[in-house]
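These notes concern the structure reproduced below.
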Amino acid sequence: MKSVAQIRIRPARPNDAAAIAEIYNQGIRTRIATFETEERTPEERRAWLASRSARYPILVATMVDDGKERVVGWASTSAYSSRACYAGVAEFSIYIHEAQRGKGVGIVLLNGLIDAAEEAGFWKLLSRVFPENAASRALCKKAGFREAGIHEKHAKLDGVWKDNVIVERLIPANLR
């Protein structure tokens with residue numbers, strides 16, 4: 001009987017850039033995960049990681065296979081707004097390697113990101129999800145996010161107007 005590999009969550013490192021780029025590019029190619037259309041290189045992702053403030057956690061999910069750790073997902077937070085009143089609100093993104101989707105990596109990673117956001121002092125996480133991205137919407141619901149509304153015709157993807165479902169989750173420990 002084959003054992004299930006353990007999923008571990010840790011902060012992203014510069015040497016994760018190639019895996020992060022590969023996973024992000026898979027999401028870009030699906031056309032249901034992001035408005036981005038230009039694939040990323042490991043060098044671009046390495047620079048992206050280096051440019052990020054420590055205030056905004058970036059995590060990876062890893063699994064050990066044949067004694068080698070491999071990145072199977074990543075999640076990041078970023079500023080929601082430059083206005084001081086929104087300092088406790090962060091946007092998030094999450095991407096899972098296509099071979100690991102539906103296997104529990106997403107919920108472990110998203111819960112890890114929620115914990116990291118709480119530790120960083122955020123009181124709310126939010127994101128925007130394409131309405132047709134049923135897997136992401138289900139993941140967010142499972143992690144305690146609510147669908148707060150819809151941005152209609154938020155932007156164009158490949159020349160077509162797309163809506164976004166707004167998902168948000170309060171972090172009660174930081175609402176004091």
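The values are calculated or read from the model by the stated rules, or taken from the named source; none is laboratory data. Owing to the predicted nature of the structure, the values given are computational and were not obtained by experimental measurement. Ideal geometry is used to build each Cβ from the backbone, glycine not excepted, and the neighbour counts take in all protein chains shown. SASA here: full protein model, heavy atoms, side chains in, ligands and nucleic acids out. Shrake-Rupley method; radii C 1.70, N 1.55, O 1.52, S 1.80 Å.
One residue is enough: does region 44-56 have a residue meeting the conditions among the aliphatic types (A, V, I, L, M), open to solvent by 20 Å² or more (accessible area, probe 1.4 Å), assigned to a loop (DSSP other than H, G, I, E, B) and at pLDDT 95 or above? Spell out the reasoning first.
First, pick out the residues of region 44-56 that are among the aliphatic types (A, V, I, L, M): 47, 49-50, 54.
Now drop any that are not open to solvent by 20 Å² or more (accessible area, probe 1.4 Å), which leaves 47, 49-50, 54.
So of that shortlist, the ones also assigned to a loop (DSSP other than H, G, I, E, B) come out as 54.
Right, trim to at pLDDT 95 or above and you get none.
No; the residues of region 44-56 include none that is among the aliphatic types (A, V, I, L, M), open to solvent by 20 Å² or more (accessible area, probe 1.4 Å), assigned to a loop (DSSP other than H, G, I, E, B) and at pLDDT 95 or above.
Take Ala84 and tell me if it is under 21 Å from Ile150 (Cβ atoms) and hydrophobic (A, V, I, L, M, F, W, C).
When the stated conditions are applied, Ala84 does not pass them.
Taking Gln26 and the conditions (1) closer than 22 Å to Tyr80 by Cα; (2) outside any loop (DSSP other than H, G, I, E, B), which numbered condition does it fall short on, given that it satisfies the others?
With (1) closer than 22 Å to Tyr80 by Cα; (2) outside any loop (DSSP other than H, G, I, E, B) applied to Gln26, the lone miss is (1).
Every residue in region 34-43 that is open to solvent by 40 Å² or more (accessible area, probe 1.4 Å) and either among the charged types (D, E, K, R) or within 16 Å of the chain's Cα centre (by Cα) (or both), please. Let's see the steps before the verdict.
Filtering region 34-43 down to residues open to solvent by 40 Å² or more (accessible area, probe 1.4 Å) leaves 35-43.
Phe35, Glu36, Glu38, Glu39, Arg40, Glu43, listed by residue number.
With the checklist (1) closer than 25 Å to Val165 by Cβ; (2) free of Cβ contacts under 8 Å to residues at least 12 places away in the same chain; (3) out of contact with any helix residue (DSSP H, G or I) (no Cβ under 8 Å at 6 or more places or on another chain) in hand, flag the one item Glu38 doesn't pass.
Among (1) closer than 25 Å to Val165 by Cβ; (2) free of Cβ contacts under 8 Å to residues at least 12 places away in the same chain; (3) out of contact with any helix residue (DSSP H, G or I) (no Cβ under 8 Å at 6 or more places or on another chain), the lone unmet condition for Glu38 is (3).
Quick check: anything in region 77-84 touching a residue at least 24 places away in the same chain (Cβ under 8 Å) and among the aliphatic types (A, V, I, L, M)?
Looking for residues that are touching a residue at least 24 places away in the same chain (Cβ under 8 Å) and among the aliphatic types (A, V, I, L, M), one finds none in region 77-84, hence no.
Glu69 - would you say it is of a type in the set (Asp, Glu), touching a strand residue (DSSP E or B) at 6+ places or on another chain (Cβ under 7 Å) and surrounded by fewer than 20 Cβ atoms within 10 Å (Cβ to Cβ)? Break it down into steps so the answer makes sense when it comes.
Working: of a type in the set (Asp, Glu): yes; touching a strand residue (DSSP E or B) at 6+ places or on another chain (Cβ under 7 Å): yes; surrounded by fewer than 20 Cβ atoms within 10 Å (Cβ to Cβ): yes.
For Glu69, the condition - of a type in the set (Asp, Glu), touching a strand residue (DSSP E or B) at 6+ places or on another chain (Cβ under 7 Å) and surrounded by fewer than 20 Cβ atoms within 10 Å (Cβ to Cβ) - is met.
Scanning region 4-23 for residues that are in contact with a helix residue (DSSP H, G or I) (Cβ under 7 Å, 6 or more places away or on another chain), open to solvent by 40 Å² or more (accessible area, probe 1.4 Å) and in a helix (DSSP H, G or I), which turns out farthest from Lys68 (Cα to Cα)?
So the residue we want is Pro14.
Do we have Glu118 as within 18 Å of Tyr56 (Cα to Cα) and out of contact with any strand residue (DSSP E or B) (no Cβ under 6 Å at 6 or more places or on another chain) here? Steps first, please.
Values: within 18 Å of Tyr56 (Cα to Cα): yes; out of contact with any strand residue (DSSP E or B) (no Cβ under 6 Å at 6 or more places or on another chain): yes.
Taking the combined requirement at face value, the residue satisfies it.
Just to be sure I understand the filter: pairs with C-beta atoms under 9 Å, separated by 6 or more residues or on different chains, first member in region 12-27 and under 10 Å from Arg45 (Cβ atoms), second member modelled with pLDDT under 95 and open to solvent by less than 30 Å² (accessible area, probe 1.4 Å). Which pairs pass?
Close Cβ pairs satisfying both conditions: none exist.
At least 2 residues that are modelled with pLDDT of 95 or more and open to solvent by 70 Å² or more (accessible area, probe 1.4 Å) in each: list the strands (runs of 3 or more DSSP E) lying fully within region 75-169 that qualify. Quick ask: steps written out before the conclusion?
Values: elements: 89-96, 124-129, 146-157.
Passing ranges, in order: 146-157.
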